[in-house]
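Every read-out reported here was derived from the displayed coordinates using simple, explicitly stated rules and does not represent laboratory data. In this text the structure is predicted, and so the values were computed from the model without any measurement. Don't worry about glycine lacking a Cβ; one is built from the backbone with ideal geometry, like all the others, and counts go over all protein chains shown.
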Amino acid sequence: DAGVIQSPRHEVTEMGQEVTLRCKPISGHNSLFWYRQTMMRGLELLIYFNNNVPIDDSGMPEDRFSAKMPNASFSTLKIQPSEPRDSAVYFCASSRARGLVNTIYFGEGSWLTVV
Amino acid sequence: DAKTTQPTSMDCAEGRAANLPCNHSTISGNEYVYWYRQIHSQGPQYIIHGLKNNETNEMASLIITEDRKSSTLILPHATLRDTAVYYCIVSWGGGATNKLIFGTGTLLAVQP
């Protein structure tokens, strides 16, 4: 089975440019998560969706960040305009809750460098 | 969600058992214990989870104390490929609204 698929795997962009990260969750999963990882702050939860609806976006750092999930098989995380401090690895993850247990599976990440 | 405390780093000899401790003294009755690991440059990988009873799968065993205030992840025969950061997370078993908040984890270095 295909896991969580993220694109691009690596991106280098200039400050001020728009960045769009894409994610295809595992088929049949109904929850989707966006995390960000940096050396300084570790792994942070930015936002998560359940059945395509955003449930908690309290981790989104500021208005420059936005996330959408137009259907069950696709999500985007957009940064506009990008800044050097946005440089990080962005992980998408998905899950399908079984009773009270919700095991989350991660993609390989999108490595973003803003110069 | 309850907070966890893990050692910053640990060493283990290849072929020996690796025992990774985690304290979660404020865990509540409906919170599960999850373990994930992150190998360098990869996404976090699910290992195992438990509520009360000890659990075992093909990757590891999870021992949860009777009072549920601490747990130990056991890798029975560590290999060099097990070198990674191991995260212990406790999270309310709220099904689809369950979110995992990662701490700093334990860096396990398996030595040849």
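Using only C-alpha positions, report the orientation-averaged shadow area of the convex hull of the stretch B:22-95, nm², one decimal. Don't skip to the end; give the middle numbers.
Details: hull surface 20.9 nm².
If I average the Cα hull's projected area over directions, I get 5.2 nm².
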Neighbour-count ranking [beta-carbon atoms within 10 angstrom, fewest first] of A:LYS68, B:LYS3: B:LYS3, A:LYS68
Long-range amide H partners of A:ILE55 with built H, under 5 Å: A:TYR48, A:PHE49, A:ASN50
Among the listed pairs A:LYS78/B:LYS99; B:LYS52/B:LYS99; A:LYS24/B:LYS99; B:LYS69/B:LYS99; A:LYS24/B:LYS3; B:LYS3/B:LYS52, those beyond 28 Å (Cα-Cα): A:LYS24/B:LYS3
Gained length - B:THR65 relative to B:GLN45, 0.36 nm times residue gap less alpha-carbon distance: 4.8 nm
Distance from the stretch B:14-65 to the stretch A:1-51 (C-alpha centre basis), Å: 24 Å
Most mobile listed residue (A:ILE47, A:ILE26, A:ILE104) in chain A, GNM with C-alpha springs under 10 Å: A:ILE104
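Ranking B:HIS24, A:HIS10, A:HIS29 by Cβ neighbours within 10 Å, fewest first, what do you get?
Neighbour counts put them in this order, fewest first: A:HIS10, A:HIS29, B:HIS24.
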Simple label model, 7 Å out from Cα along Cβ direction - A:GLN80 to B:LYS52, nm: 5.2 nm
Net lengthening on full extension, B:SER25/B:ARG81 (0.36 nm per residue, minus Cα-Cα): 17.1 nm
Point-charge dipole on Cβ atoms (K/R +1, D/E -1) for the protein assembly as shown, about Cα centre, debye to 20: 260 debye
Convex hull volume per residue in cubic angstrom - Cα atoms of the protein assembly as shown: 122 Å³
Contact order normalised by residue count of chain A, Cα under 8 Å, 6+ apart, percent: 37 percent
Per-residue average of Cβ from other chains inside 10 Å of B:32-45: 4
Chain A: radius of gyration over Cα atoms, expressed as a fraction of 2.2 N^0.38 Å: 1.01
Peptides ranked, highest mean first, by Cβ atoms within 10 Å: ranges A:15-23, A:31-39, A:58-66: A:31-39, A:15-23, A:58-66
